[in-house]
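Here is the structure we will look at.
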Amino acid sequence: MISLSLWAAPAGSTYKFSFAVLSPMLWLVYFLRRRFALHPFHFALFAVALLLHDLGSFGFYRQKFFGFEFDLFVHFYFGVVAGFVLYRALGHFYGLAGWRLWVAVLLLTLGIGGVHELVEWSTTLMMGPERGMLKLDPNDPFDTQKDLLNNLAGAVLASVFYSLARRRERLAFLEHPSDVSQERGGAGRVARVENQ
């Protein structure tokens, strides 16, 4: 991340010092990993999300891939990562399940995405449209709404995957409780997973 920001970003790029925000964010999530019940794979996905965002230093946010803006992929991917992290954490710590868990995951993902959009907007107010994070385009007045919709769509997809995986685990446990408990490291752990 630091090399992308310092050496790959062209002079005057708004990404020149993005590592100063993104690196501490990565370490903060790492240090809070137990409080989030963060799975190592989910942490890796989060790190990739930050790197994906930092690809803006190469001008990716002005490009399209497969007919879609790069920004769409970044916000959708963030929604997937946030969905995975929140689904696991909220199920683990708060015992949420079913529709309550889904609603909490989706609302929190939208809230985090909304805070990000406010940060984008405030940087543009403070530094101007050339240097701020929000690139105003009169032909695309709904950038913020599209970003939030993609966050939401990613969180829905993550919730679907997590829900199906949990259902599969519960069914496997009901069919063969001794096999699953040995795979998962003991019946107590399976019971905890089953409650998520």
Checklist entry - Taking region 1-59 only, how many residues are modelled with pLDDT of 85 or more and among the aromatic types (Phe, Trp, Tyr)? => result 7
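Matching residues to (1) in contact (Cβ under 8 Å) with a residue 60 or more places away in the chain; (2) within 23 Å of ARG33 (Cα to Cα); (3) assigned to a helix (DSSP H, G or I):
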{"position": "GLY83", "(1), (2), (3)": "yes, yes, yes"}
{"position": "VAL105", "(1), (2), (3)": "no, yes, yes"}
{"position": "GLU120", "(1), (2), (3)": "no, no, yes"}
{"position": "LYS135", "(1), (2), (3)": "yes, no, no"}
{"position": "LEU157", "(1), (2), (3)": "yes, yes, yes"}
{"position": "GLU169", "(1), (2), (3)": "no, no, yes"}
Checklist outcome for this item: Flagged in region 56-112 as within 13 Å of the chain's Cα centre (by Cα) and among the aromatic types (Phe, Trp, Tyr), in numbering order, are PHE73, PHE76, TYR77, PHE78, PHE84, TYR87
Item to check | Considering residues of region 150-186 that are surrounded by 15 or more Cβ atoms within 10 Å (Cβ to Cβ) and over 30 Å from GLU117 (Cα atoms) only, the residue modelled with the highest pLDDT | outcome: ARG166
Next on the checklist: Is it the case, given these coordinates, that GLY111 is without any contact (Cβ under 8 Å) to a residue 12 or more places away in the chain, part of a helix (DSSP H, G or I) and not aliphatic (A, V, I, L, M)?
Outcome noted: yes
Checklist outcome for this item: Here the residues within region 42-73 that are within 19 Å of ALA20 (Cβ to Cβ) and free of Cβ contacts under 8 Å to residues at least 40 places away in the same chain are PHE46, ALA47, ALA49, LEU52, HIS53
Next on the checklist: Among (1) surrounded by 15 or more Cβ atoms within 10 Å (Cβ to Cβ); (2) touching a Leu at 6+ places or on another chain (Cβ under 9 Å); (3) within 20 Å of LEU148 (Cα to Cα), there is one condition LEU52 misses while meeting the rest; what is its number?
Outcome noted: (2)
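The values are calculated or read from the model by the stated rules, or taken from the named source; none is laboratory data. The model shown is predicted, which means the values in this text are computed figures rather than measured ones. Glycine gets a Cβ as well: all are built from the backbone with ideal geometry, and neighbour counts include every protein chain shown.
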